[in-house]
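Undergrad: Would you mind keeping the following structure in view while I ask a few things?
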Amino acid sequence: MNEKVNYYVPVLIALTLASPLRGGKLWRIRGRIGKSVRTYHRSVVAPALRIHPEEGLRLEFKPFEMTCSLVDYRNSFLLWLTLLLDEGLKGRASDETRIYDLGRIACYGVDAETVRDRASAVMDRVPQVLSPWGFDCASLDSFRLRLEQGHLPGDDIVSIFEREKTISGTLRHLSNLV
């Protein structure tokens, strides 16, 4: 399971990237604005999947980024369930490859190599895997659109910050979206 999660999780995280701010300004890496400082730093210290035996085998899956959209939470849940249940997803990767992929994705988002192909592979499987369980998978259209257009939640935050020029102004604007 861990190897499958390592392969697919980075590209699914790319659809949720929303942490382009650090230290009161836009996070820049190698001269460009990065998509997620959170994912960049978290990728080397935290596994994508953790099982807690002391808590009745509770699964912890934390790499998706925070959002103010209930649809995003629903979509993250659908993608997570698909990874758990789908035996047709054949990609596998090591922890080291996951860390590398997450670092690239944190910088470049869906423009990082192989993101679009791997994310599409999972999203194409979601209806086959989850519809028999009674899940409505139509909400994933918003993630498909992000994948096609390459426009992520962090891009909106960058635009707001560039207009507002402060973290407090950006947060005030974002709080009005909820």
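The values are calculated or read from the model by the stated rules, or taken from the named source; none is laboratory data. Bear in mind the structure is a predicted one, so any value in this text is a computation, not a measurement. Backbone-built Cβ (ideal geometry, glycine too); neighbour counts: all protein chains shown. Protein only, heavy atoms only, side chains kept; ligands, DNA and RNA dropped before computing areas. Shrake-Rupley method; radii C 1.70, N 1.55, O 1.52, S 1.80 Å.
Undergrad: Can you tell me which of 167, 160, 105 is buried (at least 20 other Cβ atoms within 10 Å of the Cβ) and among the hydrophobic types (A, V, I, L, M, F, W, C)?
TA: The match here is 105.
Undergrad: Give all pairs with beta carbons closer than 7 Å in which a residue from the range 69-89 that is within 17 Å of residue 11 (Cα to Cα) and among the β-branched types (Val, Ile, Thr) meets a residue that is assigned to a helix (DSSP H, G or I) and open to solvent by less than 10 Å² (accessible area, probe 1.4 Å); count only pairs at least 6 apart in sequence or on separate chains.
TA: The qualifying pairs are 82/122; 82/126; 82/130.
Undergrad: I've got another one for you. Looking at the range 26-55 only, could you name the residues that are in contact (Cβ under 8 Å) with a residue 60 or more places away in the chain, part of a strand (DSSP E or B) and open to solvent by 50 Å² or more (accessible area, probe 1.4 Å)?
TA: Listed by number, the list holds a single entry, 32.
Undergrad: Another question about this same structure. In the range 108-128, which residues are polar (S, T, N, Q) and open to solvent by less than 60 Å² (accessible area, probe 1.4 Å)? Give the steps one after another, and end with the answer.
TA: From the range 108-128, those polar (S, T, N, Q) are 114, 120, 128; that's our starting set.
If the condition is that a residue be polar (S, T, N, Q) and open to solvent by less than 60 Å² (accessible area, probe 1.4 Å), then 120 is the only one that fits.
Undergrad: Which numbered condition in (1) more than 23 Å from residue 162 (Cα to Cα); (2) of a type in the set (A, V, I, L, M); (3) at pLDDT below 95; (4) open to solvent by 20 Å² or more (accessible area, probe 1.4 Å) is the only one that residue 66 fails?
TA: That leaves (1) as the condition not met.
Undergrad: I'd like to check which helices (runs of 4 or more DSSP H) are fully inside the range 74-177 and have at least 2 residues that are farther than 23 Å from residue 47 by Cα and not polar (S, T, N, Q).
TA: Answer list for the range 74-177: 115-130, 141-149, 153-164, 167-177.
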